[in-house]
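Take a look at the structure below.
The values are calculated or read from the model by the stated rules, or taken from the named source; none is laboratory data. What you see is a predicted model; the values in this text were computed from it and never measured. As a convention, Cβ positions derive from the backbone with ideal geometry for all residues, glycine included, and neighbour counts pool all protein chains shown.
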Amino acid sequence: MDFLGPADSDANTMYWLVTFVTHNSRVSDRMRRFGVKPGVATILPANDQVLIAKALAQTIRTHSLAVPAFNVLPDHVHIIIAADSESELAEQVRRLKGYSAYVFRKSHNLVGSGHVWAEKFNRRPIRNADSLRSMLGYVSENHVKHAARWGPGIEKTWIERIRPIVESACGPYTAGLSEVL
């Protein structure tokens, strides 16, 4: 049985863990199979991570998206989002990626269609309260997992700069989920 969040009134609504990566930052099995050679990866320094977090927060507020948590790292974003269907989920992710890419390109005076995000995104349904609790922790602590790769500054960027943005858009991670947690 699919898990329904406490704010959900539609029986089809469920939470999803979504991950999307920056352009050329990952090489998929499909790319290897077809001999695709990726170009230079888009890696987001701290100021750009903050810029992306602000753009995601703006999209969440503008479109009233049900997002209890997200995290922005140098080469990917994790976000938990509620959607009634996979097509609605895809539309919400398109909005998030589209607006954040627009803001990034504008801030860097990039003209045209310079890629910021990889074309696809990964999604995993969150099927019960225990999984939701686990995924909230995973998203909110993802910078710790990646500190060895990106350096200790990633934790400071999260604590001092990104987390307040996330909380302004989503509330504290447990907001609205008290019946579940």
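Identify the residue in segment 135-149 that is hydrophobic (A, V, I, L, M, F, W, C) and in contact with a helix residue (DSSP H, G or I) (Cβ under 8 Å, 6 or more places away or on another chain) and, among all such residues, is nearest to residue 90 (Cα to Cα).
Out of the qualifying residues, it is 144.
Can you find a residue that is surrounded by 15 or more Cβ atoms within 10 Å (Cβ to Cβ) and more than 17 Å from the chain's Cα centre (by Cα) anywhere in segment 76-99?
No, because not a single residue in segment 76-99 is surrounded by 15 or more Cβ atoms within 10 Å (Cβ to Cβ) and more than 17 Å from the chain's Cα centre (by Cα).
Considering only segment 20-51, how many residues are of a type in the set (Phe, Trp, Tyr) and modelled with pLDDT under 70?
Counting residues in segment 20-51 that are of a type in the set (Phe, Trp, Tyr) and modelled with pLDDT under 70 gives 1.
Take the residues in segment 55-67 that are part of a loop (DSSP other than H, G, I, E, B) and over 11 Å from the mean Cα position of the chain (by Cα); name whichever of them is surrounded by the most Cβ atoms within 10 Å (Cβ to Cβ).
65
Mind checking which residues of segment 70-95 are touching a residue at least 60 places away in the same chain (Cβ under 8 Å) and either part of a helix (DSSP H, G or I) or at positive phi (or both)?
Selection gives 89, 93.
Looking at (1) modelled with pLDDT of 95 or more; (2) more than 16 Å from residue 58 (Cβ to Cβ), can you tell me which one residue 97 breaks?
Residue 97 satisfies every listed condition except (2).
Do any residues in segment 110-134 that are under 18 Å from residue 93 (Cα atoms) and surrounded by 14 or more Cβ atoms within 10 Å (Cβ to Cβ) have Cβ atoms under 6 Å from those of residues that are among the basic types (Lys, Arg) and modelled with pLDDT of 90 or more, where the two are at least six apart or on different chains, and which pairs are they?
117/97
Answer with yes or no whether residue 119 is out of contact with any Pro (no Cβ under 8 Å at 6 or more places or on another chain), charged (D, E, K, R) and in a helix (DSSP H, G or I).
So residue 119 does not fit the description; no.
Which of (1) crowded, with 20+ Cβ neighbours inside 10 Å; (2) farther than 16 Å from residue 121 by Cβ does residue 72 not meet, given it meets every other one?
Here residue 72 clears every test but (2).
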